[in-house]
Structures are given as C-alpha cells and as structure tokens.
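Just so you know, all these numbers are worked out from the coordinates, no wet-lab data involved. This is a predicted model, so every value here is computed, not measured. Cβ atoms come from the backbone with ideal geometry, glycine included; neighbour counts cover every protein chain shown.
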C-alpha cells in the first residue's frame, strides 16, 4: 500500500480524545482522509456498525481494512505510512497551540514567573 493509493476513512467524534489523537497522527503523517461523524450514543451508530462491524470509536478503514481503537490505528499508521521529514515540527507546533489554548481556557494553569 502506498500513501497516495490508500483511501482512508476515520469514524469518530470531535469530542473524543482518542479520535483527536488519531486525527493529529494523520495530520503529522500528511495523510488525507474522509471523516465520518458518529452519534455520541453507541446504540445509535448503525452506519458505523454496518460499515465496520464496530460500535466503539475511533475506527479507521484503510484500503478496506478495518482498524479499531486508538492504539491499533496508531500502530497501523506507523507500520504502513512513512513519517515525513516535517512530522516532528508538526507535533511541536500542535503541542504549542494546544498549550496556548489550555492557558487561555484555564488561566489558573499558568505558573507565575518571578
């Protein structure tokens, strides 16, 4: 499988921390993917279950192969897609942006400097 020839579909929700980490990894790897938002309640995830056989998220469908769960997805991505040269910088930039967001949302987290 090559990066350009493997269609990727991510079944997820925006509020799910595991889904967010998988999206971040896909971004670090420079991969394009289709996102399928799923209902918050597992019993309402008929499309997810019909397409993948799963009810829990995140789920990645990579070239027809169903990969369920954050750890399995990250392992699959690591095994099948090379890390581009800019991946460490992408991770550092994302970490700085996340820290800035947290500092704005939770000012009590900022350590005063003397």
### Summary
Residues 105, 65 in order from fewest to most other beta-carbon atoms within 10 Å are 105, 65
### Summary
So the pair-distance distribution of the stretch 8-86, from every Cα-Cα distance in 10 Å bins, comes to percents of 20, 56, 21, 3, 0
#### Entry: GNM result for the chain, Cα springs below 10 Å: residue of 97, 72, 42 fluctuating most strongly
97
### Task
Could you please rank 25, 101, placing first whichever residue has the fewest other Cβ atoms within 10 Å of its Cβ?
101, 25
### Task
Calculate how steeply helix 17-28 sits against the longest principal axis of the alpha-carbon atoms of the chain, using the helix alpha-carbon long axis, and give the answer as 0 to 90 degrees to the nearest 10.
90 degrees
### Query
222 nm [θ] for the chain, helices only, -39500 (n - 2.57) per DSSP H run of 4+, per residue, to 500?
-13500 deg cm²/dmol
### Query
In Å, the Kirkwood hydrodynamic radius of the stretch 30-70 over pairs of distinct alpha carbons?
10.8 Å
### Residues 5, 32, 19 arranged by fewest to most Cβ contacts within 10 Å
5, 32, 19
